[in-house]
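Read the structure below first, then the notes.
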Amino acid sequence: MLETVARFFQEGGTFMYPIAVVLAIGLAITLERFIYLSGVRRRNRLAFEKGILPLLRKRDYQRAMKAANASDSAIAEIMSAGIGRLLNNHRREDVEYAMEEGLMEVLPRLEKRTQYLSTLANVATLLGLLGTIIGLIAAFTAVAAADPSQKASLLSESISVAMNTTAFGLMSAIPLLMFHAVLQTRTNEIVDTFEMAGVKLLNIISEKPEPAAA
């Protein structure tokens, strides 16, 4: 198996190496983003569901603000902006605008480097095609000077070798596109939790407090 892979790689020519570099960079970005987004989702859940939300339901906004400031999660940063406006007696619309502004500040950190994966996939595909074209040019040049009886077999072998770069480019591009889709979905899920948390805060603000028992 390893011998087959090594031969496939060697026969593809020099363009196999830049494609391999592109694939390695894409895998590194995928791993880093996956770890980062998983950590963000875990910290958000702990900070909001276990810390901030129970205090908001009790309408203890001061302690909710302290809990948000004490957390290093992204959702706490957004909630802190909204609760801060609420404590300063701003209108409901001002609280909503503050949380939207906080979301705009957090979103670039969530999407950072993810878009590179689609670009790297395109680069891998194009490098594969370029390697094949250059290989075909070299093959036809060599065949032109070869013995007529050997031209057919030499041409078929040269084309087979030249197609290796296209195959490797596609083998690199397809997983990178899949990883991009997975990471983009995870990012959208996190953004949805931000919006849901903001809606919960606004709903709590709009609800009338229950009258105290006599």
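The values are calculated or read from the model by the stated rules, or taken from the named source; none is laboratory data. Every value quoted in this text rests on a predicted model; they were computed, and no experiment measured them. Note that we place each Cβ from the backbone using ideal geometry, even for glycine, and neighbour counts take in every protein chain shown. Just the protein is used for accessible areas: all its heavy atoms, side chains included, with ligands, DNA and RNA removed. Shrake-Rupley method; radii C 1.70, N 1.55, O 1.52, S 1.80 Å.
If you go through region 157-179 one residue at a time, do you hit one that is at pLDDT below 80 and buried (at least 20 other Cβ atoms within 10 Å of the Cβ)? Yes: region 157-179 contains one or more residues that are at pLDDT below 80 and buried (at least 20 other Cβ atoms within 10 Å of the Cβ). In region 5-45, which residue that is touching a Pro at 6+ places or on another chain (Cβ under 9 Å) and of a type in the set (A, V, I, L, M) is least open to solvent (accessible area, probe 1.4 Å)? My answer is L23.
Restricting L154, L127, L120, L136 to residues that are among the hydrophobic types (A, V, I, L, M, F, W, C), within 21 Å of G13 (Cβ to Cβ), at pLDDT 90 or above and over 17 Å from the mean Cα position of the chain (by Cα) narrows the list to L127.
Here's the yes/no breakdown for (1) at pLDDT below 90; (2) of a type in the set (A, V, I, L, M):
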site	(1), (2)
L2	yes, yes
I25	no, yes
E32	no, no
S38	no, no
L46	yes, yes
K50	yes, no
L55	yes, yes
A68	yes, yes
S71	yes, no
